[in-house]
Amino acid sequence: MKQETKGIICLLLSSLFFAIMGGAVKSIPNIPIAQKIFFRNIVGVFITSIILIRNKESFIGSNVKLVTLRSLFGVLGVAANFYAISKLPLSDAVLLNRMSPFFVILLSLAFLREKVNRYQVYAMIFALLGAGFVIKPQFNYTIIPALVGLCSAFLAAAGYTSVRQLRLYSSPYTIVFFFCMFSTVSSIPFMFAGQYVTPDLREFTLLILIGLTATAAQIAMTTGYRFAPASKLAIYGYTNIIFSTILGIILWSEFPDLLSITGGLLIVLGGFINYIVSNNKNFHDSCKLKKTVLYQRMQKE
């Protein structure tokens, strides 16, 4: 099996696990967000600890400030995402969260000085239009969950942008461990402040499922990016939308309306354009060749 094929399988599994996690989060509305965050990450702490010990890798890496910043963005993004999942149809919450790649482009341009070409600008325009269809702005309090869902994408993008720099200082498992530990510890004060509900057997099972699927999704994604570059695999993360939509229909009869479907297609189209532009060297060469030929013709004329 080719390395890239292995990477694709890992990304598909990651998307499936994230969809199941979202379904579990939505299934226990009475459990506070802080408690869900705790269980989401405590499982990851134990699993990644075992991996780090076995691999004899550092638990914190060599850039504590940057990994802390990444973890802060990450836990805030998870909190916003969980809130959106609890208030919106699962597919809509996932669609808004999938805006994160486009925010990564903007943040990378602003802070990492990475170049953005006009086709990526077109991709962002499509995605923003799509987000507008999903949000369906009514300019009253009902818009808040959708805006929080969009904020979750921005915060996730800030975390991913930090990871781009962190790869120079820490291993993927160190980054995941630190994030899980940071999120676990930061959720404890909120639980002690009264945001704790004693779960029944069903709720406890779903809390454990949140932790297991979140950890499995992160490990599958991390493993996938070891088999192939992110530019070749990122598009497969959008299958999370398909899995989440299916779960929403089966569990809560959440059939997407025409606006959400239109918005979803625009967001996926933007992601596909960004994927083609980022991944296809021949595309760049073809564009350069066309510009050169056009310039030569203008010179002759």
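The values are calculated or read from the model by the stated rules, or taken from the named source; none is laboratory data. Remember, predicted model here, so these are calculated numbers, not experimental data. Here the Cβ is made from the backbone with ideal geometry for all residues, glycine too, and neighbour counts use every protein chain on show.
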Of all residues being outside any helix (DSSP H, G or I) and polar (S, T, N, Q) in the range 164-193, which is surrounded by the most Cβ atoms within 10 Å (Cβ to Cβ)? Just the residue, please. S170
How many residues are assigned to a helix (DSSP H, G or I) and either of a type in the set (A, V, I, L, M, F, W, C) or more than 18 Å from the chain's Cα centre (by Cα) (or both) if we restrict to the range 254-277? 14
In the range 90-117, which residues are under 17 Å from L166 (Cα atoms), part of a loop (DSSP other than H, G, I, E, B) and in contact (Cβ under 8 Å) with a residue 12 or more places away in the chain? L112
Given the condition surrounded by 14 or more Cβ atoms within 10 Å (Cβ to Cβ), out of contact with any strand residue (DSSP E or B) (no Cβ under 9 Å at 6 or more places or on another chain), among the charged types (D, E, K, R) and outside any helix (DSSP H, G or I), answer yes or no: does some residue in the range 133-151 qualify? yes
Would you confirm whether or not the range 204-216 contains a residue that is in contact with a Cys (Cβ under 8 Å, 6 or more places away or on another chain), under 27 Å from I42 (Cβ atoms), buried (at least 21 other Cβ atoms within 10 Å of the Cβ) and of a type in the set (G, A, S)? no
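With the structure loaded, tell me whether S15 is of a type in the set (G, A, S), touching a residue at least 40 places away in the same chain (Cβ under 8 Å) and in a helix (DSSP H, G or I) or whether it fails that test.
Yes, satisfied.
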K36 - would you say it is without any contact (Cβ under 8 Å) to a residue 40 or more places away in the chain, assigned to a helix (DSSP H, G or I), within 22 Å of S186 (Cα to Cα) and not hydrophobic (A, V, I, L, M, F, W, C)? no
Close pairs from the range 230-244: first within 18 Å of E254 (Cβ to Cβ) and of a type outside the set (G, A, S), partner modelled with pLDDT of 90 or more and not in a helix (DSSP H, G or I), Cβ under 8 Å, at least 6 apart: N240/R98; I241/R98
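Out of curiosity, is G130 assigned to a helix (DSSP H, G or I), modelled with pLDDT of 85 or more and in contact with a Phe, Trp or Tyr (Cβ under 6 Å, 6 or more places away or on another chain)? Reasoning before the result, please.
Working: assigned to a helix (DSSP H, G or I): yes; modelled with pLDDT of 85 or more: yes; in contact with a Phe, Trp or Tyr (Cβ under 6 Å, 6 or more places away or on another chain): no.
Spelling it out, it is not the case that G130 is assigned to a helix (DSSP H, G or I), modelled with pLDDT of 85 or more and in contact with a Phe, Trp or Tyr (Cβ under 6 Å, 6 or more places away or on another chain).
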Of the residues T142, T174, T161, which is modelled with pLDDT under 95, among the polar types (S, T, N, Q) and under 18 Å from I85 (Cα atoms)? T142
